[in-house]
Each structure stands twice: as C-alpha cells, then as structure tokens.
Amino acid sequence: DTAVSQTPKYLVTQMGNDKSIKCEQNLGHDTMYWYKQDSKKFLKIMFSYNNKELIINETVPNRFSPKSPDKAHLNLHINSLELGDSAVYFCASSQGGLVSDEQFFGPGTRLTVL
Amino acid sequence: GNSVTQMEGPVTLSEEAFLTINCTYTATGYPSLFWYVQYPGEGLQLLLKATKADDKGSNKGFEATYRKETTSFHLEKGSVQVSDSAVYFCALSISSGSARQLTFGSGTQLTVLP
C-alpha cells in the first residue's frame with residue numbers, strides 16, 4: 001500500500017490554465033504539507049495543514065490554493081498557471097506532534113507549463 | 001531565521017570510497033536534524049535523524065552526529081555503493097507555534113561509479 005500518493009505524476013499544460021494536484025495519505029497522520037522543488041532540486045515548503053486547518057502558509061502567490069476536505073487529503077489547486085510554476089510538487093505527511101517527527105513524502109508531480 | 005547550508009555538488013566517487021557531505025545549520029532554539037535521500041524519479045525518504053546535541057543517527061551504513069558547538073550534522077559513509085547514487089538533503093525541523101516545518105539545504109547529488 002502506498003503511504004502518500006499523488007495524482008497525476010506528470011502534468012503538462014498551457015499558460016493561463018487552472019489545474020489541481022491531489023494528495024492522499026493512509027498513515028493516519030494529522031499534518032500534511034506541500035513542497036515545491038525547482039529545477040536545481042531546491043525544496044521549499046508552501047503550505048502545511050493540521051487536522052484540516054492551515055498552519056503554515058509561506059510566501060506563495062494566491063493563485064495557489066490548498067484544500068483539505070479531510071485530514072487524509074490535501075489537494076493543491078493552481079489558477080492562471082505561469083511558466084515559473086513549472087516544478088516538481090511534493091506532498092508529505094507527519095504525525096505532527098513533535099519536531100522530531102519524520103515526514104513521509106509522496107512520489108511527486110512534475111508540472112510543466114508551456 | 002532558520003537555514004541549512006550544504007556542501008555543493010555534484011560529488012562523484014568510486015565504489016567503496018569514503019563519503020562526507022557537509023551540513024551546517026542556523027536555528028533559533030533546539031532543532032531536530034535530518035538527512036533525507038531522493039533516488040531518481042522518487043520522493044524523499046528519511047535516511048537518519050538526530051534530535052539533540054551529541055546524538056548520532058545511523059542507517060544503511062550512513063551516520064551523522066549532531067554537533068551543537070559547530071552547528072553541524074555532516075553525513076558520512078565508510079564505503080559507498082553504486083546503489084547510493086542519489087540526491088541527499090540535510091534538513092532541520094523546529095517548532096513555530098503549532099507548526100513543525102522542515103527547512104532543507106540545497107541538496108547534494110552523489111554519483112557512485114563501479
């Protein structure tokens with residue numbers, strides 16, 4: 001069983017479109033995250049949700065909107081896609097209670113904006 | 001603010017060579033420290049961690065010691081294998097209110113040649 005799954009794995013779209021990436025975890029974790037990995041492999045936190053409540057919102061354009069229908073799902077919706085949004089997006093989850101908690105990552109979604 | 005500085009890559013070694021990847025950090029408070037590994041085309045997975053000063057994390061022949069006096073968490077392995085080829089990320093986690101977020105270094109690409 002996949003612990004953290006993301007769909008789709010690849011997403012190719014035109015500038016200006018709206019797209020969504022879905023994430024699900026079956027680990028029973030309380031906290032979920034979205035990270036963006038750029039072409040140089042640099043990883044940066046975008047959002048974090050704890051029990052469906054937003055707790056981290058880094059400086060991300062408001063074209064990006066996370067949605068958490070329940071604590072096992074954290075979807076990422078992106079409006080008016082731009083070339084600079086091309087990256088690999090990773091979802092992750094953790095039990096969330098301690099700074100020492102391991103984060104479990106999904107396989108990533110490679111978004112290419114043309 | 002919190003930050004992680006990692007040795008720049010890429011690093012290329014022959015099989016059975018000794019590996020060191022340097023990592024230093026800046027943090028306000030008492031972070032937990034992690035090494036994550038990303039194999040080609042996959043998400044990140046935890047390699048090892050240490051939660052307090054002088055702790056040594058170890059896994060799969062890799063080890064790293066949490067050095068508070070030098071704010072470092074260098075990754076070492078005595079004899080690398082071709083299968084260790086991957087990108088290695090040093091990271092810290094620290095509490096900020098109810099949030100626990102990972103701050104990553106820039107990643108170090110390791111290639112091990114047979």
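None of the figures in this text is laboratory data; all of them are computed from the coordinates on show. Everything quoted here is computed from the prediction, not taken from an experiment. Don't worry about glycine lacking a Cβ; one is built from the backbone with ideal geometry, like all the others, and counts go over all protein chains shown.
Sort all Cα-Cα distances of the protein assembly as shown into consecutive 10 angstrom bins from zero, then give the percent of pairs in each bin up to the one containing the longest distance.
P(r) for the protein assembly as shown, in whole percents per bin: 8, 33, 35, 20, 5, 0.
Using a cut-off of 14 Å between alpha-carbon atoms, which aspartates and glutamates can reach A:LYS19, once sequence neighbours fewer than 8 places away in the same chain are excluded?
In chain and number order, the partners are A:GLU82, A:ASP85.
What FRET efficiency comes out for B:THR12 versus B:ARG67 if R0 is 41 angstrom and r is the Cβ-Cβ distance? Round to the nearest 0.05. Before the final figure, lay out each step's value.
Working: r = 27 Å, r/R0 = 0.65.
Computed FRET efficiency for B:THR12 and B:ARG67: 0.95.
Size of the dipole of region A:20-73 about the Cα centre, Lys and Arg at +1 and Asp and Glu at -1 on the beta carbon, nothing else charged, in debye to 20?
Working: 9 positive and 6 negative charges, 56 e Å.
For region A:20-73, the charge dipole is close to 260 debye.
Listed highest first by mean packing, meaning other Cβ atoms within 10 Å per residue, what order do B:59-72, A:45-58 come in?
Numbers: B:59-72: 15.4, A:45-58: 17.6.
Sorting B:59-72, A:45-58 by mean packing, highest first, produces A:45-58, B:59-72.
For B:VAL82 and B:THR51, calculate 0.36 nm times their separation in residues minus their Cα-Cα distance, and state this gained length in nm to one decimal.
Numbers: separation 31, 0.36 × 31 = 11.16 nm, distance 2.94 nm.
Full extension of this stretch gives 8.2 nm more.
Starting from the coordinates of the alpha-carbon atoms of chain B, obtain the Kirkwood hydrodynamic radius over all distinct pairs and give the value in Å to one decimal.
On the way: mean 1/r = 0.0705 Å⁻¹.
Averaging 1/r across every pair of different Cα atoms and inverting gives 14.2 Å.
From zero outward in steps of 10 Å, how is the percent of C-alpha pairs of chain A spread across the bins?
Pair shares across the bins are 15, 50, 30, 5, 0.
Which entries in B:LYS56/B:LYS77; A:LYS9/A:LYS41; A:LYS41/B:LYS77; A:LYS36/A:LYS67; A:LYS41/B:LYS49 show an alpha-carbon gap greater than 19 Å?
Values: B:LYS56/B:LYS77 13 Å; A:LYS9/A:LYS41 17 Å; A:LYS41/B:LYS77 22 Å; A:LYS36/A:LYS67 16 Å; A:LYS41/B:LYS49 21 Å.
A:LYS41/B:LYS77; A:LYS41/B:LYS49, as the Cα separations exceed 19 Å there.
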